[in-house]
Amino acid sequence: MKKEQEENKESVPVLPWMRSPIQVDSFSNCPLDKVPMLDSRLAVALQSSGIGSLFAVQLAVWHETIGPGSFERDLCINSPTGSGKTLAYALPIVQMLSTRAVKYLRALVVLPTRDLALQVKEVFNTIAPAMGLSVGLAVGQSSIADEISELIKRPKLEAGICYDPEDLSEELQSSVDILVATPGRLMDHINNTKGFTLEHLHYLVVDETDRLLREAYQSWLPTVLQLTRSSGGSLFPHAENFVPTTFGSIKTTRRMGVERGFKGKSYPRLVKMILSATLTQDPSKLAQLELHHPLFMTAGKIRYQFPEQMQLFKVICEPNFKPLYLVALLQSLHGEKSIVFTSSVESTQRLCALLKFFGDLNIKIKEYSGVQRQALRSKTLKAFRAGEVQVVVSTDAMTRGMDVEGVRNVINYDAPPYIKTFIHRAGRTARAGLVGRCFTLLHKDEERRFKKLLKKADNNSCSGHSITPDSLDPLRSVYASALAKLKESVESETYKKRKAGIRLSHMGKRY
Ligand SMILES: Nc1ncnc2c1ncn2[C@@H]1O[C@H](COP(=O)(O)OP(=O)(O)OP(=O)(O)O)[C@@H](O)[C@H]1O
């Protein structure tokens with residue numbers, strides 16, 4: 001409810017700087033050889049990963065960073081799902097850091113989940129090595145010891161000499177220039193890892209900002225800002241080791257009324273880039289980021305947008321027969337890669353079990369949710385990416401940012417509760433300018449609410465998609481037996497759980 005109020009309240013931005021944004025859609029795709037000042041090594045790396053031109057948002061951000069904008073302002077980017085926001089920030093950061101003389105941790109990218117962080121690291125991996133830069137990951141995928149050995153370089157010690165551990169910690173150095181992290185593991189390293197420091201940080205990217213700002217995660221944001229804040233003298237004591245590029249440096253002139261006390265003075269500062277397809281416009285939330293003379297970049301007039309190539313459909317289902325409609329719909333899609341979203345872990349588990357009891361549907365279906373082990377989630381994603389799995393039934397754990405090539409359909413098995421959820425779920429398809437379809441299964445009495453929800457977004461025309469009796473009727477008897485099997489399996493599981501619970505409570509009494 002609170003989120004819904006926020007969505008309505010924010011339709012006209014309160015903050016003056018948000019009312020005159022840079023319109024991203026006034027830019028168009030630009031071939032790499034026409035991108036001003038793009039390092040030729042970067043162009044080669046991009047081309048070898050199949051990228052021949054920059055998308056609109058990438059060019060717009062390039063303009064404000066490497067181009068005339070010269071990283072003068074912090075960037076707040078609201079651009080639709082699949083429009084290429086990751087490269088939009090990765091490219092200028094990599095190009096800027098390529099001239100660095102000494103290796104320090106200079107760029108930090110924070111994401112809300114492990115899978116997203118892994119994905120973003122892959123993007124950096126396609127361009128950073130070509131520029132001599134290394135990228136690290138702090139997400140808790142491996143043990144903390146393994147992660148530390150990836151992130152921190154130890155000095156080579158001479159055999160036979162006794163070293164004071166305190167002296168050694170002074171000599172520890174970062175092995176990476178860019179770190180992609182989730183807040184929890186980031187805080188672990190800040191608090192406990194010897195040699196891990198943010199004192200040389202020049203770039204902070206907060207991807208999926210609205211989601212990250214909603215969660216406090218051990219006060220990660222105030223901590224990062226505190227650790228990178230000026231302490232009176234030079235903001236970055238080792239800034240002299242950072243050689244500014246010929247394209248513009250991150251030395252910036254503070255403006256009066258923006259940061260008091262720095263009028264006319266120029267010095268390096270922490271550059272922030274925040275991004276989302278549904279960027280918050282709430283002043284109190286944005287204030288937490290302590291933005292420097294922020295520049296708002298957005299695509300289109302309405303904040304919530306479905307990708308242009310997205311087709312929206314609603315499927316009206318008979319009461320109690322939604323699973324039947326889902327199966328008929330999946331069959332009509334003939335094994336195209338699809339994601340089915342449900343409203344909860346329990347709903348995901350039950351729907352997956354029910355689909356299995358339907359017998360051989362000729363479609364490989366897997367479950368994905370936040371309560372699964374990371375290894376299992378990664379395995380599912382890998383199989384889905386490879387096309388070995390055609391349908392993933394997921395909770396909203398897959399809603400944001402996940403980029404799986406070839407997803408043609410998103411199916412809202414349970415209607416999305418908020419427009420933000422709808423935008424992010426639907427945005428798993430129709431990415432990078434490709435076509436995609438989003439189906440929402442509804443009961444008749446949900447239709448009005450759904451219509452209201454859609455009105456909040458641009459590109460919102462939604463057609464009816466009917467599932468014909470021809471495709472439903474042959475499935476009815478299988479459905480009845482699948483339901484009976486599910487009921488049986490749920491009852492046996494409940495019985496087992498209850499029994500285990502009784503045993504545990506007995507043990508509790510005994511010990
Ligand atoms: N210039 C480009 N040319 C071709 N493909 C691109 C280009 N830039 C990005 N892509 C591809 O577009 C897809 C979407 O990019 P990305 O994941 O960065 O989108 P996004 O805007 O961050 O989406 P979301 O809001 O859902 O996180 C990816 O598969 C990426 O490889």
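The values are calculated or read from the model by the stated rules, or taken from the named source; none is laboratory data. Please read these numbers as outputs of a predicted model, since none were measured by experiment. As a convention, Cβ positions derive from the backbone with ideal geometry for all residues, glycine included, and neighbour counts pool all protein chains shown.
Here Thr99, Thr86, Thr65 are screened, and the one residue that is at pLDDT below 95, of a type outside the set (Gly, Ala, Ser) and out of contact with any Asp or Glu (no Cβ under 7 Å at 6 or more places or on another chain) is Thr99. Among residues of the range 93-111 that are β-branched (Val, Ile, Thr), those with a Cβ under 6 angstrom from a residue that is in a strand (DSSP E or B), sequence gap 6+ or separate chain, pair up as Ile93/Ala107; Ile93/Tyr203; Thr99/Thr245; Val109/Val180; Val109/Val205; Val110/Ala181; Val110/Val206. Gly406 falls short on exactly one of the conditions (1) under 21 Å from Val327 (Cβ atoms); (2) assigned to a loop (DSSP other than H, G, I, E, B); (3) modelled with pLDDT of 95 or more, and that condition is (1).
Taking Arg114 as the residue in question, decide whether it is within 20 Å of the chain's Cα centre (by Cα) and either away from the ligand (no atom under 13 Å from the Cβ) or at pLDDT below 95 (or both). Yes; evaluated as a whole, the condition is true for this residue. Of all the residues in the range 201-212, those that are more than 16 Å from the ligand (Cβ to nearest atom) and crowded, with 21+ Cβ neighbours inside 10 Å number 3. If the condition is being more than 10 Å from the ligand (Cβ to nearest atom) and either among the hydroxyl-bearing types (Ser, Thr, Tyr) or touching a residue at least 24 places away in the same chain (Cβ under 8 Å) (or both), then the range 36-51 contributes Pro36, Met37, Leu38, Asp39, Ser40, Arg41, Leu42, Val44, Ala45, Ser48.
Going by the structure shown, is Ser394 under 20 Å from Leu441 (Cα atoms) and either touching a residue at least 60 places away in the same chain (Cβ under 8 Å) or assigned by TED's automatic domain parsing to the domain that holds Ser83 (or both)? No. Selection of the range 400-432 for residues being among the basic types (Lys, Arg) and touching a strand residue (DSSP E or B) at 6+ places or on another chain (Cβ under 8 Å) yields Arg408, Lys420, Arg425, Arg428. Pairs meeting the criteria (first residue in the range 329-358 and touching a residue at least 24 places away in the same chain (Cβ under 8 Å), second residue surrounded by fewer than 20 Cβ atoms within 10 Å (Cβ to Cβ) and hydroxyl-bearing (Ser, Thr, Tyr), beta carbons under 7 Å, at least 6 apart or on different chains) are Gln331/Ser471; Ser332/Ser471; Ala353/Ser489. Tell me, please, whether a residue that is touching a Phe, Trp or Tyr at 6+ places or on another chain (Cβ under 7 Å) and at pLDDT below 55 can be found in the range 222-232. So far as the range 222-232 goes, no, none of its residues is touching a Phe, Trp or Tyr at 6+ places or on another chain (Cβ under 7 Å) and at pLDDT below 55. As a summary of the residue check, Arg400 satisfies the conditions (1) within 17 Å of Leu329 (Cβ to Cβ); (2) outside any strand (DSSP E or B) except for the one numbered (1).
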